[in-house]
Each structure stands twice: as C-alpha cells, then as structure tokens.
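Novice: Provided herewith is a single structure, encoded as structure tokens, for subsequent inquiry.
None of the figures in this text is laboratory data; all of them are computed from the coordinates on show. Note that the structure is a prediction, hence the values are computed from the model and not measured. Cβ placement follows ideal geometry from the backbone for every residue including glycine, while neighbour counts extend to all protein chains displayed.
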Ligand code: SAH
C-alpha cells in the first residue's frame, strides 16, 4: 500500500475529531499544536480532552456523531471505539470529499496518520505499509540520529552556537540520564568545565578541539576552587566561547549552581540553567525505593551530612528531622553517618528505622546495603552514596 506524503498546514482550519477516548487524546495535542480549530464530537471524553474543552482550546459537542457533522471540516479523524460509527464518519467525509483517518482500520482509511518526530526546524514522518509499530520504530531511530546531529552534519556545523554559559545537570551517574536538552548543548560546547561526579563517558562525546577543564584539578592558589571555576567559566565566555558547566545530578542540589549562576550574572555573561536528574531522588529510585509512598510517607527531606550535627557550622535542624516521620535522604553523609544516626535517635527517631545505603547509584557499580538507624554507624558505606532513612527504605523492591 503506497501513500502520497504531504504536510497539512492546519492553522485556522477546522478539524473534526469524532470520539473522545485514548486515541483522540493522543492525536489532539498535535492537531492543536499545528494551529487547527479542533471540533470534538463525543458523548464522553478523557480527562485531558475535557481539560482542553474547559480551557477553550477546543470545542466539544457533548453527544454522539450525527449526520452533517463533517460539514465545514478540512480534515476528519474517526476515533471512536465503534467500527460502525467510524465507518459512518468516514463515509460522510468521503461524500463531502474531505480527507479522513479511520483510527480503527488502516485498510478502510482514506488517509493515514504517519509516525512523526520533530527536532529543531526539521520534521520527519514515516509510514511502513500500514504497520504502525514498525513505522514508530523507524521514527524513533531517525529521531535519535537527528538529536545527535549525525544525520544533519552540514547544518550542525553551521548552526549558530548558543552563547555564554550553560549550567547543565548531568544526572546521577549513568551517562544516558542527562536530559535531551543537556546533551544537545553539551555537543555544541567549546569549553566544558566538568566535575568528578558528572558521568565521564559524556566527555568522550566531545570533539578533540573542545577544551575540557577538570574542576577537581584546578590549582587553589590564593583562591578557592569554586572561585577558580567561576573565573574560568566567565573568562572563556567573555572570550566568546560557549561554555558548558557540567555537574553531577542537578546543579542546584548541593551543587553550588547558585554561586556559578551569580558569577555569570555579575559578569554580564548570558547564562542558562538545564535541570538535571538528582541523585537524591534517582539514587533511591534506581534501588527500588520510592521517596514517598501514598499510604505511609507524605514528605521527604534532602539533607547534606558533610557537617556533623554538633558542629556550630551546621545549619540543619536535626531535632526537627528526628521528630518528623518523613523520609530522610542524606547526601555527603558517609563520613558522618554515625554522628547523624546518634543525633536522630537522641532526637526521637526510632532506632529500628530502616535504612538503605545506595552507592554508585544508576551506574554498573551500584550497590545497596540495608541496616537500621542503630547500626548505620557500624555498617560499611563508601562514597558516593545516598543514604535513605525511614519507612520507605524498608519497602525496597528488588529490581
Ligand atoms: N548535585 C548532586 C549532588 C551533589 S553532592 C545531585 O543532585 O545529585 C554529592 C553527593 O551526591 C555525594 O556525596 C553523594 O551523596 C550523592 N551522589 C551523587 N551521585 C551519586 C551516585 N551516583 N550514587 C550515590 N550517591 C550519589
């Protein structure tokens, strides 16, 4: 079955969608995105479609399909769960010479919705003789190539690079947990200032002429490393280079992202922030621990343990944490875990509270150890580790 591929420019044109179930819900967002005036005819609709109707983004006729409904439409989607109704919709459209898609029957359909993807200003649509899953698979492969720029080399080379600094959260460890936006910007970097905890495989993607500054190896001199990092970023950006500051997890969770942001803003350097997947949530998740669970815990607190509780420099209210029953997620707490456990027990946390220590979360070296608050101090733990304390830790699922 061969098709003639065209791109419909639907802006301002009426599109009739008959049926308000999951298929319609999947198609409608793209139609709205293309600027179509969507008229939905269905006695009942999904919550999402109902929300569109309530906010005026589409018009909903709350009733079954009726003769004459296709009038005025440029394009029709028959997406009810009743083949007879879909056939009637398609027949009426055909009689009016309106192109229509029958969601339930590719053979009987005048037009097909192709598997499509868009990236930057390119869109690609795939049809595979009516085999939707094969089309979707090829679409996904093309989408991946588009994102890496491999398919579009001349353009990638001439594309205007972003300017200034991008503060990018690189995710908790596994290289493919960086966001799509983070990866795209990283590929355009001319200078990368990297951290020890940022996935090192990501640096392999960079061309040889990209300058990689290893933040851990910067000399201290008269300044702290953080001042050095800020200075390198700002200096390279002011010299016209596009600088990526690549940080483990999310840069704003114990990542000094705020200080780096300030340094850029103070220097008048354009700066963008790309959030990352933080080890504070992803670490437990990768080990089968949900930091909240509807039936038992309604809050979680992410705490740094790099300052012990009794230290005058501590800014954490350990007593309040001890009295709460929420989940505690401890970062940078390996060294001080005994003192932390003691402070929590002294403050009222049950000594038998379950604890899980997740080391090297999301990487091939991930390990998980279990203990209780009472035995935390004497249980082995190695950096980097996320320590989860509370009822959810005891409900870990084996993955
Ligand atoms: N900004 C980071 C956290 C930086 S603080 C984030 O959002 O994830 C560094 C601490 O994060 C480590 O001491 C450790 O507690 C935790 N951490 C980071 N990556 C980790 C990983 N892969 N596994 C376990 N803990 C990790």
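Novice: Let me check the size of segment 14-113 from its C-alpha atoms; what are the radius of gyration and Dmax in Å?
Specialist: For segment 14-113, the Cα radius of gyration and maximum Cα-Cα distance read 12.0, 36 Å.
Novice: Considering only C-alpha atoms, what is the centroid distance from segment 342-365 to segment 217-268, in Å?
Specialist: Going from one Cα centre to the other spans 32 Å.
Novice: Return an integer: the convex hull volume of the alpha-carbon atoms of the chain, in Å³ per residue. Before the final figure, lay out the partial values.
Specialist: Details: hull volume 79.6 nm³, N = 399.
Output value, Cα hull per residue: 199 Å³.
Novice: Another question about this same structure. What residue among 285, 103, 231 has the largest mean-square fluctuation in a Gaussian network model of the chain, using Cα springs under 10 Å?
Specialist: Ranking 285, 103, 231 by mean-square fluctuation puts 103 first.
Novice: Hey, another quick one. Considering only 92, 235, 201, give the residue with the highest GNM mean-square fluctuation for the chain, with springs between Cα atoms whenever their separation is below 10 Å.
Specialist: Of the options given, 92 has the highest mean-square fluctuation.
Novice: With everything on Cα atoms, drop me the angle between helix 257-266 and the longest principal axis of the chain, reported from 0 to 90° to the nearest 10.
Specialist: With rounding to tens, the tilt is 80 degrees.
Novice: Listing 47, 327, 148, 113 from the residue with the fewest other Cβ atoms within 10 Å to the one with the most, what is the order?
Specialist: Numbers: 47 8, 327 24, 148 13, 113 19.
Lowest count first: 47, 148, 113, 327.
Novice: Rounded to the nearest angstrom and ordered from largest down, what semi-axes does the equivalent ellipsoid of segment 159-274 get from its C-alpha gyration tensor (root of 5λ)?
Specialist: Working: eigenvalues 72, 54, 38 Å².
Taking √(5λ) for each Cα gyration eigenvalue gives 19, 16, 14 Å.
Novice: Suppose we look only past 15 Å in the calculated P(r) of segment 63-108. What percent of the Cα-Cα pairs does that tail hold? Each step should come with its number before you reach the end.
Specialist: On the way: 327 of 1035 pairs.
The calculated P(r) of segment 63-108 puts 32 percent of pairs beyond 15 Å.
Novice: If you don't mind, there's one more thing I want to ask. Can you sort 10, 265 by how many other beta carbons sit within 10 Å, fewest first? Present the calculation step by step, with values, prior to reporting the outcome.
Specialist: On the way: 10 19, 265 11.
Ordered by Cβ neighbours within 10 Å, fewest first: 265, 10.
Novice: Each label point is 7 Å from the Cα along the Cα-to-Cβ direction; what then is the distance between the points at residue 212 and residue 145, in nm?
Specialist: 2.8
Novice: Using helices alone, what [θ] at 222 nm do you get for the chain, with -39,500 (n - 2.57) per DSSP H run of 4 or more residues, divided over all residues and rounded to the nearest 500? Please report the intermediate quantities before stating the final value.
Specialist: On the way: 12 runs with 116 residues, N = 399.
It lands at -8500 deg cm²/dmol.
Novice: While we're on this one: Output the Cα-based Rg and Dmax of segment 280-394 in Å, rounding Rg to one decimal and Dmax to a whole number.
Specialist: Considering segment 280-394 through its Cα atoms, Rg and Dmax are 12.8, 38 Å.
Novice: Counting other C-beta atoms within 10 Å, which of 6, 229 has the fewest, and how do the rest follow?
Specialist: Numbers: 6 9, 229 22.
If I rank by nearby Cβ atoms, fewest first, I get 6, 229.
Novice: I would also like to ask the following. Counting each pair of different Cα atoms once, what's the Kirkwood radius of segment 66-225 in Å, rounded to one decimal?
Specialist: Numbers: mean 1/r = 0.0499 Å⁻¹.
For segment 66-225, the Kirkwood estimate is 20.1 Å.
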